[in-house]
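The values are calculated or read from the model by the stated rules, or taken from the named source; none is laboratory data. Just so you know, these numbers come straight off a predicted model, no measurement behind them. Cβ placement follows ideal geometry from the backbone for every residue including glycine, while neighbour counts extend to all protein chains displayed.
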Amino acid sequence: MDIDFIIEPFSYQFMVRSMMISILVGITLPLIGSFVINRNLGFMGDAIAHASLPILVIGSVLGVSIFLSAIPAAIIIALVLGYIISKSTVGEDTAIGIIFSTFFAIGIILLKRYNLATTLNIEDILFGQILGVSNGDVISTLALSLITIFTIIIFYKQILYLSFDPIGAQVTGLNTKLFDSVFLIVLSLAVIGALQSVGIILVLSMLITPAAAAKLIMKNFYHSIYISCIFGVIASVAGLYFSYYINLPSGPAMALSSTAIFLICWIFRRSVRLI
C-alpha cells in the first residue's frame, strides 16, 4: 500500500483532530460496552444518547456549549433511568423505551420550536460529524475518556462482580446501588463523548458491536476487553478513512466497519477461539 494513502489525510488539521477523537471513542465505548453486554444494558446506552437531545437544544438556546451541556444532563438521565427501572413493574426494556422516545420527541419539538436548523444540524446530531470537531471538542472528549477509563480501572473488581453476579454481590455486602450509579455515570460519559463522531442513532453500534465481536473469539472476559478496544479503534479509524476517501458520512462508516469486524469474527469464531 502506498504510504501516501495513509499519511495524506493528516496534512489537514481537521483530520488530525478527527483521528484523535476516533481513537478515544474506539477505546472508550467498547471498554464500557464489554460490561454493558454482560448486564444486558445495551438499550440503556441508546436511551441516554436519545434522551440527551432536549438538553442539547436547550443548551444551544441558552448559548451554552452543546457538548458540555449534555454531560450533566446525560448523568441525570442515566441515574433517573436506573431509578425508574429498579422501581418499575412494566419491565426494563419497556420503561427505557417509553422514556427515551419521549425525551427524543421533546428534543425534536424544541428543535423546530426555536428554529435551530441553522445552529444545530439535525443530521450531525443524529449521525455524527467528526470531521467538524474543534480543539475544544478534542479536549472535552479526552477528559471524558480518561474519567471513564480510570473509573473502570479503579472499580474494576466491583463492577465486574456486579455485572456477572448482582445477587451474589449484594449478599456479600457490596453497595450495589452505589456501583450501579457509578457504572451508569461512566456509561453516560462514554456515550456523550461519542456523540460528535457517530451521533445519537449510531452510538449503540460502537458501544456494542466491537465488544460483541471480541466476546465471540475470546473465552476470558479480561482479555476480551482489550480485544474489543482494538476492534473499536480499527473500526473508528477505518470509518474515518472511508469518510475521507469515499466521501461517506463518518458515523455510518464507523458503524459499518464495526459490523464488518463482527461478521468476520462470527464466521471464524470456532477456528480462532482464544483464551
Quiz item: What residue, of L62, L41, is of a type in the set (A, V, I, L, M, F, W, C) and either modelled with pLDDT of 75 or more or surrounded by 14 or more Cβ atoms within 10 Å (Cβ to Cβ) (or both)?
Solution: L41
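Is it fair to say G251 is closer than 24 Å to L126 by Cβ, at pLDDT below 85, in a helix (DSSP H, G or I) and small (G, A, S)?
Numbers: closer than 24 Å to L126 by Cβ: yes; at pLDDT below 85: yes; in a helix (DSSP H, G or I): yes; small (G, A, S): yes.
When the stated conditions are applied, G251 passes them.
Listed here are the residues, each with its yes/no results for (1) modelled with pLDDT of 85 or more; (2) over 30 Å from F10 (Cα atoms).
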site: Q170; (1), (2): no, yes
site: V182; (1), (2): yes, yes
site: Y222; (1), (2): yes, yes
site: A260; (1), (2): yes, no
Exercise. Only residues in the stretch 167-182 that are among the acidic types (D, E) count as the first member; pair them with residues that are surrounded by 11 or more Cβ atoms within 10 Å (Cβ to Cβ), Cβ under 9 angstrom, at least 6 apart or cross-chain, and list the lot.
Key: D180/G82; D180/S86; D180/L162; D180/P166
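On the basis of being aliphatic (A, V, I, L, M), out of contact with any helix residue (DSSP H, G or I) (no Cβ under 6 Å at 6 or more places or on another chain) and assigned to a helix (DSSP H, G or I), does L184 make the cut? Give the derivation first.
Numbers: aliphatic (A, V, I, L, M): yes; out of contact with any helix residue (DSSP H, G or I) (no Cβ under 6 Å at 6 or more places or on another chain): no; assigned to a helix (DSSP H, G or I): yes.
Spelling it out, it is not the case that L184 is aliphatic (A, V, I, L, M), out of contact with any helix residue (DSSP H, G or I) (no Cβ under 6 Å at 6 or more places or on another chain) and assigned to a helix (DSSP H, G or I).
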Quiz prompt | Cβ pairs under 7 Å, 6+ apart, first in the stretch 25-41 and within 11 Å of A212 (Cα to Cα) and touching a residue at least 40 places away in the same chain (Cβ under 8 Å), second assigned to a helix (DSSP H, G or I) and of a type in the set (K, R) | solution = I37/K215
Quiz item: In the stretch 92-109, which residue that is within 14 Å of S52 (Cβ to Cβ) and modelled with pLDDT of 80 or more is surrounded by the most Cβ atoms within 10 Å (Cβ to Cβ)?
Solution: G107
